[in-house]
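Working notes for the structure below.
Values in this text are rule-based calculations from the coordinates and carry no lab data. Nothing here was measured: the structure is a model prediction, and the numbers come from that model. Note: ideal-geometry Cβ built from the backbone for every residue, glycine included; neighbour counts use all protein chains shown.
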Amino acid sequence: MTNPADTFYVTTPIYYVNDRPHVGHCYTTVLADVLARFMRMTGRDTFFLTGTDEHAEKVVESAEQNNVTPLEWADRNADEFQRAFAALACTNDDFIRTTQDRHTSRVIAYIEKLQSTGDIYLGDYEGWYDPSQEEYLTENVAREAGYKSPVTGRDLVKRSEKNYFFKLSAYADRLRAHIDANPDFIRPDARRNEVLGRLDSGLQDVPVSRAVREGDTGWGILMPGDDSHRVYVWIDALCNYLSTVDTPDRKVYWPAQVHMIAKDILWFHAVIWPAMLMALGEDLPGCVYAHSFFIREGRKMSKSLGNFLDLPTIEAYCAEPGSREGVQSFGTDAFRWYLVTQGPLDATDADFSYAKFVEVYNADLANGIGNASSRVNNMIEKYFDGACPEPGEQTEVAKGDKGYDLSKVAPNYTRIAQTHMSETRLAAAATAAREIVKRVDGYINETKPFTLAKQEGRMGEVGTILYECAEALRIAAVLLSPFMPGKMGDLLATMSQPRPSANGSFDTPFDELTAWGGLKPGTKIVKGDGLFPRADGKLPEPAPA
Ligand code: MSP
């Protein structure tokens, strides 16, 4: 069964519960949220999934160190992830935890099926194991990394054991054919090339279980039909994307359109998971999108540096501006804006820097959309008593060739933004919507309605200009609402327009919503509070109270 064009399923990785949420996890989840909100706004029946990956051995260790059971530890951190995503206004339709029965029972069913087809079999394994990442590395990768973990730098260990294997090697040709035939299956291109390069050196079968050892704590799913093995945590985790929607009412969402991940977990998503799906007879996801990493103030975020941008700091950024005396804050929408427009969507890492945050906030939001909207609304209040004026004949400036015919600019950039979104270019879509705002500013500067208003007999022109500006800003606010649902809702409300619903949808069909002329003359328009007060970069970076 293929996914009908009107459904849209987007996922994030499910995050390890032995760590706490930080800006990296938030980045991926906010990207998925913006996509989900945009798709809902355009009328797609959307399902957005995130969650937590709980069966790692590290969870048992962390729980022991903290004198709680593994499940208590998992509960605690799963709550933290949920708190983080709620703080960032994420609209996930479900939150899957791999310790839930609805997941584990299906994992068992998938594995039984793969055992019955011979895709999973019992064999012997000896190889280089990275205990810090709980994964085996191929001889090549281990050698290149100097027999240290490429991620943590800790020593690899040689492990030998009886194991269940997945017959990955049997799917090499089909997988390559699929990647060749579907250029968008792995994105961006650098990541696709990376996978193709690794496929050239051939595929070996991969272990999918770990032996139950002395002192086993009962953590993890037992291998069906063999209590001496547990399902390897990665195999368990990957199944979440399918298990969560593998119900009669949700199966319409499969296959996912986009698995949003970062480059660290590309191989699992672009090779092992698709091969498992082939073996299960399921359709493959449309796109595995692997972005790069956020670093912080020019340095990699790591445990040893202790420089993760953590949840308390994120919450301090997300507090409404001015809510704490003498402390800088920006609000949730501004934080989302920075992540999505400045984040590492492509093949290069991106810096989360406070100075850059202030600069982007002031340029794009305070002096950008915030200023444009207060200028236009103020003039409508001042010259037209807060009633949206009636547009008359277009001005000469609009008719000219400088690109200020807003009735063309807004629909044009709406289409551009929509195309970018359908191709997962979120920052480009944001830029397209911002372009409408820039044209509004340029148009005001060219036509100077505030000067015309002082001249005899020119109020008709002033009304036309302000109508065009307000209407363009309304459309820009709609397009920007998936990025900044709160503030763009506030902006729409100043023009007596409906806000997006809690999950980002509007009652009006998208084409109608963004059609030029939606704003009716006579509609009440108010100044509203400043949407984005200017930030003072001299104040210290937001920090927890
Ligand atoms: N549990 C596995 C994923 C299983 S999915 C079936 C896992 N979890 S994780 O907690 O380590 O999350 C990794 C993901 O978090 C990355 O792929 C990325 O989405 C996000 N990020 C973690 N650090 C990041 C940055 N520094 N920058 C951007 N995103 C990062 O791997």
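Being touching a strand residue (DSSP E or B) at 6+ places or on another chain (Cβ under 8 Å) and closer than 24 Å to D200 by Cα is the filter here, so list the residues in the stretch 149-171 that pass it.
S149, P150, V151, F165, F166, K167, L168
With the structure loaded, tell me whether V195 is in a helix (DSSP H, G or I) and under 29 Å from H22 (Cα atoms) or whether it fails that test. Give the derivation first.
On the way: in a helix (DSSP H, G or I): yes; under 29 Å from H22 (Cα atoms): yes.
Yes: the conditions hold for V195.
Please go through (1) outside any loop (DSSP other than H, G, I, E, B); (2) crowded, with 21+ Cβ neighbours inside 10 Å; (3) touching an Asp or Glu at 6+ places or on another chain (Cβ under 7 Å) for G486 and return the number of the only condition it doesn't satisfy.
Tallying (1) outside any loop (DSSP other than H, G, I, E, B); (2) crowded, with 21+ Cβ neighbours inside 10 Å; (3) touching an Asp or Glu at 6+ places or on another chain (Cβ under 7 Å), G486 fails exactly one: (2).
Would you mention how many residues in the stretch 494-545 are in a loop (DSSP other than H, G, I, E, B), over 30 Å from D94 (Cα atoms) and either in contact with a Phe, Trp or Tyr (Cβ under 9 Å, 6 or more places away or on another chain) or not polar (S, T, N, Q) (or both)? First the steps, then the outcome.
Keep residues of the stretch 494-545 that are in a loop (DSSP other than H, G, I, E, B), which gives 495-509, 514-523, 525-545.
If we keep only those that are over 30 Å from D94 (Cα atoms) as well, we get 495-496, 515-523, 525-543, 545.
Within this subset, residues satisfying the condition of being either in contact with a Phe, Trp or Tyr (Cβ under 9 Å, 6 or more places away or on another chain) or not polar (S, T, N, Q) (or both) are 495, 515-522, 525-543, 545.
Residues in the stretch 494-545 being in a loop (DSSP other than H, G, I, E, B), over 30 Å from D94 (Cα atoms) and either in contact with a Phe, Trp or Tyr (Cβ under 9 Å, 6 or more places away or on another chain) or not polar (S, T, N, Q) (or both): 29 in total.
For the stretch 271-300: of the residues being more than 12 Å from the ligand (Cβ to nearest atom) and among the hydrophobic types (A, V, I, L, M, F, W, C), which is surrounded by the most Cβ atoms within 10 Å (Cβ to Cβ)?
Only one residue fits best here, namely A275.
Just give me the residues in the stretch 216-270 being within 15 Å of the ligand (Cβ to nearest atom) and part of a strand (DSSP E or B), in sequence order.
The answer is V231, V258, H259, M260, I261, A262.
Out of the stretch 503-529, which residues are surrounded by 14 or more Cβ atoms within 10 Å (Cβ to Cβ) and within 28 Å of the chain's Cα centre (by Cα)?
If the condition is that a residue be surrounded by 14 or more Cβ atoms within 10 Å (Cβ to Cβ) and within 28 Å of the chain's Cα centre (by Cα), then N503, G504, S505, F506, T508, F510, L513, T514, A515 are the ones that fit.
If you take the residues in the stretch 1-58 that are part of a loop (DSSP other than H, G, I, E, B) and of a type in the set (K, R), which one is nearest to the ligand (Cβ to nearest atom)? I'd like the intermediate steps shown before the answer.
Restricting attention to the stretch 1-58, the residues satisfying the condition of being part of a loop (DSSP other than H, G, I, E, B) are 1-6, 17-21, 42-44, 54-56.
With the extra rule that they be of a type in the set (K, R), the set shrinks to 20, 44.
Working: R20: 10, R44: 23 Å.
So, considering only residues that are part of a loop (DSSP other than H, G, I, E, B) and of a type in the set (K, R), the one nearest to the ligand (Cβ to nearest atom) is R20.
Only one residue in Y241, Y232 is in contact with a His (Cβ under 7 Å, 6 or more places away or on another chain) and either free of Cβ contacts under 8 Å to residues at least 40 places away in the same chain or crowded, with 23+ Cβ neighbours inside 10 Å (or both). Which one? Walk me through it before giving the result.
Details: Y232 fails: in contact with a His (Cβ under 7 Å, 6 or more places away or on another chain).
Answer to the check: Y241.
Hey, does the stretch 424-436 have a residue that's in contact with a strand residue (DSSP E or B) (Cβ under 9 Å, 6 or more places away or on another chain) and under 30 Å from A89 (Cα atoms)?
Of all residues in the stretch 424-436, those in contact with a strand residue (DSSP E or B) (Cβ under 9 Å, 6 or more places away or on another chain) come to 424.
Those left that are additionally under 30 Å from A89 (Cα atoms): 424.
Checked the stretch 424-436: at least one residue is in contact with a strand residue (DSSP E or B) (Cβ under 9 Å, 6 or more places away or on another chain) and under 30 Å from A89 (Cα atoms).
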